[in-house]
Amino acid sequence: MSNLKIALGQLLVEGGEPQRNFDRAKELISDASDNQCDIILLPECLDFGWTHPSSIDNAKPIPGEYSDLMCNYAKEKNIFICCGLSEKDEKLGKNFNSALLIDNNGNIVLKYRKINVLKNAFEFYGIGQKLEVVDTKFGKIGVNICSDNYIDAIDIGITLGRMGAEIILSPSSWTVDHTITEKDDPYKKKWLNQYLSLSKVFDIPVISTTSVGYIVGGPYEGKKMVGCSLATDKNGLITKGDFNEFASDLKIIEVKTKISNLKGTEIGPLIYEEGFLKWKS
């Protein structure tokens, strides 16, 4: 069993402003390191912003300029980083919405390309082709991205659990209408049910960090990201990030991970019991 200190870095992401976004990310990484965190989880597409038009021509390969920056930050601050970047695959002639897990030596130990890409984002990102969990000194870590945890895509999280993930990290960019205020519950149960159920079935923490700020350009222009990141375990909600439209902030939690003894067909009855299949029917 591992005890982990994880930072949820709700990052202010400005569309089309990668250098400014990386500068703010570095500040959050430094704060997390100063607080002796083992891992910092940052949002989806933190370079250009999710579905920002500038990413189509300006996304970088991985490894490449922007991933190298994050690797250097991880090594310099002696911390694992999980983050989302726009990725250009020159061989395939496509861009992808990708997430990286980088160890504290600055090595990319896992790269994942988002599978459940929203219809309005098809012009920006191709569809990922594989899922993976990776052995680390903290245990097996699985990574997915944002809408991969929609109820109609919950198979993705279930598969990571079946593959032995002891924790699932999910860089995200949850969006809401610009009229939503702090008095509202911006997501209601859109994410919480799935997170709680994955945590309960597999006895694992499921953690998502989302960006903050207004979306400029692209199909979601005018909407905004307001934080309210989530972390759950088998006992319920660990924490919920602050509602925040305008500034980056850091929330730190402690979680426990352990190796599950459940395998293969032993998992099926728990999935039925938790009602996943009923939700999807």
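Restricting region 175-202 to residues that are over 19 Å from the mean Cα position of the chain (by Cα) and touching a residue at least 24 places away in the same chain (Cβ under 8 Å) leaves a set whose member that is nearest to I158 (Cα to Cα) is V201. Candidates are the residues of region 17-72 that are over 25 Å from Y220 (Cβ atoms) and aliphatic (A, V, I, L, M); the one that is surrounded by the fewest Cβ atoms within 10 Å (Cβ to Cβ) is L69. For region 123-171, the candidate set comprises residues that are among the β-branched types (V, I, T) and either free of Cβ contacts under 8 Å to residues at least 12 places away in the same chain or in a helix (DSSP H, G or I) (or both); within that set, the residue that is surrounded by the most Cβ atoms within 10 Å (Cβ to Cβ) is I156.
I need the full set of residues from region 192-243 which are among the acidic types (D, E) and either under 21 Å from K5 (Cβ atoms) or at pLDDT below 95 (or both), in order please.
D203, D233, D242
For region 180-228, the set of residues classified as of a type in the set (S, T, N, Q), part of a helix (DSSP H, G or I) and over 17 Å from I141 (Cα atoms) consists of N193, Q194, S197, listed by residue number. Can we say E14 is more than 19 Å from K224 (Cβ to Cβ) and either buried (at least 23 other Cβ atoms within 10 Å of the Cβ) or touching a Gly at 6+ places or on another chain (Cβ under 9 Å) (or both)? So E14 fails the test.
Against the criterion of being charged (D, E, K, R) and over 26 Å from V216 (Cβ atoms), E14 does not qualify.
The values are calculated or read from the model by the stated rules, or taken from the named source; none is laboratory data. Bear in mind that the values here come from a model prediction, so they are computed numbers and not experimental data. Backbone-built Cβ (ideal geometry, glycine too); neighbour counts: all protein chains shown.
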